[in-house]
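No value in this document is a laboratory result; all are computed from the given coordinates. What you see is a predicted model, and the numbers here were worked out from it, not measured in a lab. All Cβ positions, glycine included, derive from the backbone under ideal geometry; neighbour counts span all protein chains shown.
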Amino acid sequence: MRDEIRRHERLYYVRNAPEITDAEFDALMRELKALEDEHPDLVVPDSPTQRVGGEPVDEFGKVVHAVPLLSLENCYAFGELDEWEERFRKLIPGEAFSYEAELKIDGLSITVLYEKGRLALAATRGDGATGEDVTANARTIRALPLVLTEPLPLLEVRGEVYMPWEVFKALNAAREEAGEAVFANPRNAASGSLRLLDPQLTAARKLRTYFYHIARVEGAESRSQTEDIALLERLGFPVNPLRRHLSDLGSVKAFIQEAKDRREGLDCESDGIVVKVDEKPLQERLGATAKFPRWAIAYKYPPEGAEARVLAIRVQVGRTGVLTPVADLTPVALKGSTVQRATLHNYEDLARKDIRVGDAVMVEKGGDVIPKVTRVVLEKRPEGAEPFRMPDHCPECGAPVTRFPGEVAVRCINPSCPALALEALYHYASRHALDIEGLGWKSVEQLFKAELLQDIVSIYRLRAADLAVLPGWAAKKAENLVQAVEAAKRPSLNRFLFGLGIRFVGEKAARTLAAHYRSPEALQKATEEELLALPDIGERIAGSVLAFVRNPGTLDLLRRLKQAGVEPVFQEDASGPKPLSGLSFVITGTLPGISRDEAKARIEAAGGKVVGSVSGKLAYLVVGEEPGSQLEKAKKLGIKTADWDTIMTMMRETAE
């Protein structure tokens, strides 16, 4: 089954020729995982189920490269290509040779070592002599084979890790909404992703890779770069789809012109063509300088851009309250489309480039990524152009905006802002907040579009008669929701505070605030000194809480909620000792008669701490039905295991 799954991974990630649907592939993976869970002694590190199993690390180890990773010499004109050929011809006079040319992927260089056909090590380029051990993170790249199709005694290959355009756009959009700095390009994003300390976070970035060079090999022969690529393909590696074996430099130049447009159809960022002398014996004779191999060079395409005029700078408010400046431009044709606006990402980006209304600016567009303003043509700046200032108040609701320490984003934190309404409504009604049954995402979205919901106060104005006329709402369903809303008028204070969506205030911080202040009115009078004295409340949370409770929109919201009959109630914690104080737990499998969330809440209420992964510091692994790989790891580390009944007994006995 492992071999079959590996075959389908190669078909999908390497050859782009899948034979089965995603659902069928997922079913195979579930079946394999069930077999491995049933027979944990058969789990091996290179199983497809183990791609994302590594623990977070404190830092990356150093790796000394057996064969240095040299840089490539760059050139930017065909005349420079001619000069390169003239230089190396003098070192191999009279020799016949050919070229191998391929698209230059703009990613992160990586070297991967296999021993007896199995992945043993992956390392970054570093300074060329020493890199960083990123094996655990590289394993998460689905296109990278964990096991070769042939068990060669030793193989070291070089490649480029990249982030596909679609993943890059989605990642930057999410970071922008969260107020985090966006990545300048996919290369930076790939580099940062491969060097995350938690492999599971790296896996979520969906990195891809191409391989192009064999540094060392035992058990196979290769006399040219072309044969290298053929061997890599045979062993299961993804290789560059845009490459050509060419007889002379004139053919190379023609390929460079042809590839310029063809590269736009690929999912990766590229900035040129790498040209190599194909024959390996000649490569060895040509050798290298201190920096570059003499037998290879990178032809770099000039950046493509167009000049446009900034007509206006508008500010948009995202669903999480982030204010984003957007430049309206005179229309320009760029890579097959007409560009009329470009996001400026955030105020820091805009201020650093000093973009002003009326400026002539250079606009670039890589692949199908949203166009960006790269620089201002200062010599064309109109007289009297004023620096742009971000608004002090939200353009949607007029409330004062906030910028939290350490963030580049400027935000509206008014919980009644129309731009934030849909997200705020869903969060307030969600299971971990007020848990209003019947107000899931689809219902919230439907009622918002029907204008029955505008902000969280409007939840308490819902009437069964208004609901029953909507599609999918029978009288019983409408009445049930109205009853659930009525029951939510006396929520626990901690759930209410969490439901308000105060930035950085999670469930734990909400419980701390509720326990100390015991009412929304008391929290409104909080001081920074008081907040910082509380456990689990640092400067970031304290600053966010103060900004929220002092916002006029918050004061108005709390007043209207009180008028609607909402009275949060502080619930005193049970007195006596915390029976699980100082103990940490991991939950694996399905627990009988209780959800994981509820079990976590029960353990934390008893003073315990629930963490995400097994480590040597863990007190207990709580085991339910169909436990995952955490069980085998706990056994290897000698961690105690317990079922849910045992944990409940511990809570009762210790408390008594």
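Each of Asn188 and Glu4 was given a label point 7 Å from its Cα along the Cα-to-Cβ line. The distance between the two points is 4.6 nm. Note on Lys62 and Val377: the model spin-label points, each 7 Å out from Cα along the C-beta direction, lie 4.9 nm apart.
Working ranking of peptides 107-116, 594-603 by packing, defined as the average number of other Cβ atoms within 10 Å per residue, highest first, is 107-116, 594-603. When only alpha carbons are used to place a centre, the range 117-170 and the range 410-483 end up 47 Å from one another. Ordered by the number of other Cβ atoms lying within 10 Å of each residue's own Cβ, fewest first, Trp165, Trp441 fall into the sequence Trp441, Trp165.
For mean projected area of the Cα convex hull in nm², the candidate list reads (i) 35.8; (ii) 37.9; (iii) 32.1; the entry that matches the value derived from this model is (i). The angle separating the long axis of helix 22-38 from the principal Cα axis of greatest extent in the chain is about 80 degrees. For the chain, what is the mean residue ellipticity at 222 nm derived from helices alone (per DSSP H run of n ≥ 4: -39500 (n - 2.57); sum divided by total residues; nearest 500 deg cm²/dmol)? Value at 222 nm, helices only: -10000 deg cm²/dmol. With the simple model of a label 7 Å out from the Cα in the direction of the Cβ, Lys353 to Asp41 spans 6.2 nm.
Unpaired Cys in the chain, meaning no second Cys C-beta under 4.7 Å: Cys75, Cys268.
Between Arg389 and Ala174, what FRET efficiency follows from the Cβ-Cβ distance if R0 is 22 Å, with the result rounded to 0.05? With R0 = 22 Å, the Cβ-Cβ based efficiency is 0.20. When the trypsin sites (Lys or Arg not before Pro) in the range 429-505 are filtered for DSSP coil states and for at most 13 other beta-carbon atoms within 10 Å of their beta-carbon, the remaining sites are Arg431, Arg461, Arg463. For the peptides 271-277, 287-293, 389-395, the ranking by mean Cβ contacts within 10 Å, running from highest to lowest, is 271-277, 389-395, 287-293.
The ratio of the alpha-carbon radius of gyration of the range 62-300 to the globular-protein estimate 2.2 N^0.38 Å is 1.03. For the range 117-134, backbone nitrogen atoms closer than 20 Å to the point 7 Å from Ser71 Cα along Cα-to-C-beta are found at 124-132. Based on Cα contacts under 8 Å between residues 6+ apart, the chain shows a relative contact order of 10 percent.
Relative contact order, percent, of the range 230-299 when contacts are C-alpha pairs under 8 Å separated by at least 6 residues? Averaging sequence separation for qualifying contacts and normalising by length gives 23 percent for the range 230-299. Taking every C-alpha pair closer than 8 Å and separated by at least 6 residues, the mean separation divided by the residue count of the range 62-300 gives a relative contact order of 32 percent. Annotation: the antiparallel percentage among DSSP beta bridges lying fully within the range 584-655 is about 10.
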